[in-house]
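Below is one structure, written out as structure tokens; the observations come after it.
The values are calculated or read from the model by the stated rules, or taken from the named source; none is laboratory data. What you see is a predicted model; the values in this text were computed from it and never measured. Cβ: placed from backbone, ideal geometry, glycine included. Neighbour counts: every protein chain shown.
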Amino acid sequence: MLTHVALITWGYAAGRLGAVPGTFWDLTVDYPGMLLALAGTLCLVVVVVTSVRAARSRLRYESWHLLHLYAYLGVGLALPHQLWTGQEFLASTAATVYWRTLWAAAAGAVLLWRVGTPVLRTLRHDLRVTSVVPEDDDVVSVYVTGRRMDRFPATAGQFLTWRFLTGPGWTRAHPYSLSAAPDGRSLRITVKALGDGSALVAGLRPGVRVLVEGPHGRLTERPRTREKLAFLGAGVGVTPLRALAEALPYAPGDAVLLQRSTRRPLFGRELAVLHAERGLQVHWLPGHRRGPDSWFGDTPDTPDLDDLTLLRRRVPDIAERDVYLCGPVAWTDSVRRTLTAAGVPDSRVHLENFSW
């Protein structure tokens with residue numbers, strides 16, 4: 001987009017460097033829609049800059065989310081100058097109708113999928129909080145129910161964006177994965193207090209209405225190719241894996257879950273039940289990471305072993321399995337390098353990062 005602005009200005013200036021500032025001013029002030037387009041460009045630049053990982057890490061999620069919505073404003077402000085002055089839009093009546101129809105279809109899709117569908121789904125199912133259950137010092141599970149939940153189109157492993165219609169900040173959606181397989185009666189998410197919005201979840205009361213968008217994500221049974229499974233999760237990243245371990249079919253011993261956590265593991269009792277009833281193998285990887293390039297915990301019994309050796313100790317046939325992976329970006333990047341070294345092709349690594 002910035003190249004477009006520079007080349008248009010250079011072209012109208014006839015390649016004369018000294019004329020560029022005046023030409024840019026004339027284009028912005030005198031041509032229809034160009035001042036709006038400049039404002040739209042600035043909005044989109046802000047969105048891109050704040051979406052770079054280094055910038056995101058310094059922003060509260062709520063602030064980043066609000067800035068990200070300026071992408072809609074940027075596109076909207078940039079549109080008029082194309083329709084009013086763009087030769088591709090004005091070359092003929094057919095061209096004008098064609099392009100305006102495409103823009104109308106795009107706007108209609110946004111209104112339908114980002115506004116209409118969530119509102120209709122919320123009204124149809126009348127989603128409400130039923131209970132909030134502590135899982136750890138800063139982690140809670142939220143149970144939500146409603147009407148005709150057997151028709152709610154979500155499967156284990158997926159995530160939705162949630163708005164709890166109470167108190168401040170309800171306009172800002174937060175993405176949370178399902179931590180239990182949908183049972184036709186209720187949904188469950190498990191949330192760690194990482195920011196202002198997630199910290200408020202623990203204070204929700206029964207009866208609070210819920211607005212959702214989604215479901216989203218490909219961390220489901222759909223990409224599965226093998227009978228044997230491995231689930232690898234770090235911290236609260238184990239939530240969708242716990243749901244998958246409950247929902248996916250597998251023979252006893254054919255599924256293994258490795259959970260990284262510096263404190264006690266989440267869903268300890270539930271995973272013990274899955275072990276007893278379905279033969280899920282569970283390995284807890286405690287302790288702090290051994291180093292910036294390692295994803296295993298630093299435990300006394302494995303001081304000199306590399307990650308590949310440690311992985312093969314716990315899952316000797318890892319190369320024969322589909323791997324479902326979820327956690328922070330740096331951690332999952334490290335895991336993927338180890339999986340590649342272990343002979344697991346990328347096509348059998350199904351990934352969901354916990355980041356924004």
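Points worth noting:
- Odd one out for residue 308 among (1) surrounded by 13 or more Cβ atoms within 10 Å (Cβ to Cβ); (2) within 17 Å of residue 233 (Cβ to Cβ): (2)
Table: residues versus (1) closer than 19 Å to residue 311 by Cβ; (2) touching a strand residue (DSSP E or B) at 6+ places or on another chain (Cβ under 7 Å); (3) at pLDDT below 95; (4) not assigned by TED's automatic domain parsing to the domain that holds residue 135.
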| residue | (1), (2), (3), (4) |
| --- | --- |
| 223 | no, yes, yes, yes |
| 235 | yes, yes, yes, yes |
| 239 | no, yes, yes, yes |
| 244 | no, yes, no, yes |
| 248 | no, yes, no, yes |
| 253 | yes, yes, yes, yes |
| 258 | yes, yes, yes, yes |
| 265 | yes, yes, yes, yes |
| 268 | no, no, yes, yes |
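- Among the residues of segment 53-82, the one identified as closer than 17 Å to residue 161 by Cα, free of Cβ contacts under 8 Å to residues at least 12 places away in the same chain and either not assigned by TED's automatic domain parsing to the domain that holds residue 99 or not hydrophobic (A, V, I, L, M, F, W, C) (or both) is 63.
- Listed by position, the strands (runs of 3 or more DSSP E) enclosed by segment 140-249 that each have at least 2 residues that are over 30 Å from residue 321 (Cα atoms) and touching a helix residue (DSSP H, G or I) at 6+ places or on another chain (Cβ under 8 Å) are 210-216.
- Restricting the search to helices (runs of 4 or more DSSP H) fully inside segment 21-99 and requiring at least 3 residues that are under 29 Å from residue 329 (Cα atoms) gives 34-51, 53-56, 61-68, 70-85.
- Extreme residue, farthest from residue 133 (Cα to Cα), among residues of segment 154-169 that are β-branched (Val, Ile, Thr) and at pLDDT 85 or above: 155
- Residue match in segment 78-88 (condition: surrounded by 14 or more Cβ atoms within 10 Å (Cβ to Cβ), touching a Gly at 6+ places or on another chain (Cβ under 7 Å), among the hydrophobic types (A, V, I, L, M, F, W, C) and within 25 Å of residue 215 (Cα to Cα)): no
- Subset tally (residues that are within 15 Å of the chain's Cα centre (by Cα) and surrounded by fewer than 17 Cβ atoms within 10 Å (Cβ to Cβ)) for segment 212-252: 2
- Residue in segment 48-57 that is among the charged types (D, E, K, R), out of contact with any helix residue (DSSP H, G or I) (no Cβ under 9 Å at 6 or more places or on another chain) and under 30 Å from residue 353 (Cβ atoms) present: no
- Annotation note: of 172, 121, 188, the sole residue that is surrounded by 13 or more Cβ atoms within 10 Å (Cβ to Cβ), under 23 Å from the mean Cα position of the chain (by Cα) and at pLDDT 90 or above is 188.
- Tabulated pairs, segment 309-335, first on the phi < 0 side of the Ramachandran plot, second acidic (Asp, Glu) and part of a helix (DSSP H, G or I), C-beta under 9 angstrom, 6+ apart or interchain: 334/307; 335/307
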